[in-house]
Every structure is written in C-alpha cells, then in structure tokens.
Amino acid sequence: MNEILESLQRCVERGKVNIKSPYPPDMKGQDGTDELARKALEAGIAPQDILSKALIVGMQKVGVRFRNKEIFVPDVLMAAKAMAAAMEHLKPFFKSDELKHKGTIVIGTVLGDLHDIGKKLVSMVIEGSGWEVVDLGTDVSPDKFLKAVDEHPGCVVGLSALLTTTMVNMEATVQHIKSKHPAVKVIIGGAPVTEEFAAKIGADYYSPDPQGAVEFLNTRCTPN
Ligand code: B1M
C-alpha cells in the first residue's frame, strides 16, 4: 500500500491528530492525520482511496480493538479526533458528490434518558466506517425520531438506552417508526439492552458495542 496511506491509517489507529499534538508520546513531532491527509491529496491520491483504504480501515481496527478490550474509551475518542482532522480535508469532495457515504443512520438516546457517552462513541465509529450520522442527541421522543426518518429517506435508525426505566421507551419508538416506515431497520444498544429484548420489541438488531453496529450496517443495510 502507498506509504502515505499506511501512515494515515496508523495515525487514526493511534489517535495522532497533527504534528503539534503531544499524543501519543511515542509519535511526538511526527505528522498526524491533518498533515497526511493534505499530503495525500497533494500527491494525487483519490479522496475515495484516502477514505476507504486508510481512514475507514484505521477506524475499523479501533472498533475491533475496543471490542477486544485492548484499548479503552479515551483511545477511541482520540482516534475519532484524528479521523475528524483528516475528514476536514475530504469535506469539499463530499460536497462535490465525488465521495459518497455508504448510507445514513439517524441515532439518538431514547426519551427520558440523558446518557450520551456510549451513543457518541457508537456514532464516531460508525461515521469512521463511512456512514453519515445524524445525531439527534439525548431524551429523543418517538415523534422526533419519526420526523428525522421522514427527512432522511432510506436511513437506518439507532437507539441507545442506559436505564432499565428508559429502555421501555425503545419499544414505543420502534413501533412509532415502523407504523409509518415498516422497512426501516432499527438497531438498538446500551448497557441494559439484550438480544432477547430487541427481538421482543421488534427491533432488527442488537449490538453490545460500536463495532457490531458497524458490521450490521455494512452487511445488512442497503445503502440509500
Ligand atoms: Co447514570 N446510571 N444515571 N449517569 N450512569 C448508570 C447507567 C447506572 C448503571 C449507574 C449505577 O447505578 N450503577 C444507573 C442505571 C441503573 C439501571 O437503570 N439499570 C444510572 C442511573 C440510575 C442514573 C440516574 C437515574 C441517577 C440519578 O439521578 N438518580 C440518572 C438518570 C438521568 C437520565 O438519564 N434521565 C443518571 C445520570 C447520569 C449522569 C448525567 C450523571 C451521567 C451521564 C453523562 C452523559 O452521558 N453525558 C451518568 C453516567 C456517566 C453513568 C455511568 C457511570 C456511566 C455510563 C457511561 O457513559 N458508560 C453508568 C454506570 C456504569 O456504566 N458504570 C450510569 C460508558 C459508555 C462508553 O458505555 O453507555 O454502556 P455505554 O455504551 C456502550 C455500550 O452500551 C454500547 O456501546 C457503547 C460503547 O461500548 N452502546 C450501543 C450504547 N449505545 C449503543 C447503541 C447501539 C449499539 C451499541 O446501536 C444504536
């Protein structure tokens, strides 16, 4: 693989944002994703290759290592920051339609629930895998989810809940969405949620972690 792309992939994995960043300490003074993405474009590498061969592969490795408990929340946050720095350089190509997202996921924490750390992590890893993420935030009502689905035809929906008292609101949300858009796929997650619960409320998938959500999206959801 091209040397710049290899370094870029490594910088996402390690959370190296730019040359000034002291993190990670063993990469101090080295280029980060910011410089390398610019250099890759200047070297004539196609934006699509920068995204799919370096950034997405790097973030996928992050997702797998997080699942395997080899790295932890702060590492994922740094990887997402590094990914975002590179994406800044690719943004103009998304706008010009030269780069396409794989699809769109509307995501949020359900009604009554204010926990958003896990949902944000899931969003970052999904975004890093090439999907557009529409994050509705926390305490999201079934109506708000439905409105977002109306506005993003062909999207997938992701629901997060951290409380046993709010996970019941997932059922109302799934029903509300599916009553109008039966084909929309809904994936759910969060500490108290289980596969059995997902099946019971008519959700299409349960994932215990961000990587599982990415795998479901990439293998079971038709891009819009
Ligand atoms: Co709250 N809280 N909290 N809390 N809180 C828990 C969840 C709790 C387990 C603590 C405890 O009692 N041991 C408990 C829930 C008990 C239960 O219902 N079973 C609890 C409680 C009771 C409460 C309050 C009711 C406390 C009170 O006020 N009496 C209150 C509720 C507020 C509300 O939501 N209405 C409350 C408030 C808060 C804070 C605001 C203080 C804060 C949230 C800040 C924020 O998010 N911005 C908070 C926190 C931080 C926690 C703990 C300590 C940590 C949660 C967290 O961020 N984990 C938590 C105890 C604990 O877990 N140790 C606790 C890290 C995060 C990376 O993991 O969110 O599980 P997690 O996400 C994972 C997976 O679940 C999965 O991937 C993520 C990454 O691996 N995942 C998905 C999540 N969403 C997914 C979606 C997917 C796929 C995977 O697809 C769409």
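The values are calculated or read from the model by the stated rules, or taken from the named source; none is laboratory data. Here the structure is a predicted model, which is why all the values come from computation and not from measurement. Reconstructed Cβ throughout: ideal geometry from the backbone, glycine too, with neighbour counts over all protein chains shown.
For the structure I just gave you, tell me whether Ile71 is part of a helix (DSSP H, G or I) and under 18 Å from Met124 (Cα atoms).
Answer is no for this residue.
Are there any pairs with C-beta distances below 9 angstrom linking a residue in region 36-52 that is over 23 Å from Ile126 (Cα atoms) to a residue that is surrounded by 18 or more Cβ atoms within 10 Å (Cβ to Cβ) and acidic (Asp, Glu), with the two at least 6 apart or on different chains, and if so which?
Close Cβ pairs (under 9 Å, with a partner that is surrounded by 18 or more Cβ atoms within 10 Å (Cβ to Cβ) and acidic (Asp, Glu)) amount to Lys39/Asp31.
Find the residue count for region 170-224, including only residues that are within 13 Å of the ligand (Cβ to nearest atom), of a type in the set (Val, Ile, Thr) and either closer than 18 Å to Ser123 by Cα or modelled with pLDDT under 95 (or both).
Residues flagged as within 13 Å of the ligand (Cβ to nearest atom), of a type in the set (Val, Ile, Thr) and either closer than 18 Å to Ser123 by Cα or modelled with pLDDT under 95 (or both) within region 170-224 amount to 5.
Which residue out of Val106, Val110 is in contact with a Cys (Cβ under 6 Å, 6 or more places away or on another chain) and within 16 Å of the ligand (Cβ to nearest atom)?
So the residue among Val106, Val110 that is in contact with a Cys (Cβ under 6 Å, 6 or more places away or on another chain) and within 16 Å of the ligand (Cβ to nearest atom) is Val106.
Among the listed residues Val73, Val122, Val62, Val57, which satisfies the condition of being outside the structural domain of Cys11 (by TED's automatic domain parsing) and at negative phi?
Criteria check complete, one pass: Val122.
Regarding region 184-197, can at least one residue be identified that is of a type in the set (Lys, Arg), surrounded by fewer than 18 Cβ atoms within 10 Å (Cβ to Cβ) and not assigned by TED's automatic domain parsing to the domain that holds Glu13?
Looking for residues that are of a type in the set (Lys, Arg), surrounded by fewer than 18 Cβ atoms within 10 Å (Cβ to Cβ) and not assigned by TED's automatic domain parsing to the domain that holds Glu13, one finds none in region 184-197, hence no.
Return the pair list, or none, for Cβ contacts closer than 9 Å from residues in region 118-135 that are hydroxyl-bearing (Ser, Thr, Tyr) to residues that are modelled with pLDDT of 90 or more and not in a helix (DSSP H, G or I), at least 6 apart or on different chains.
Taking only residues 6 or more apart or on different chains, the pairs are Ser123/Ile105; Ser123/Ile107; Ser123/Val133; Ser123/Asp135; Ser123/Gly158; Ser129/Lys102.
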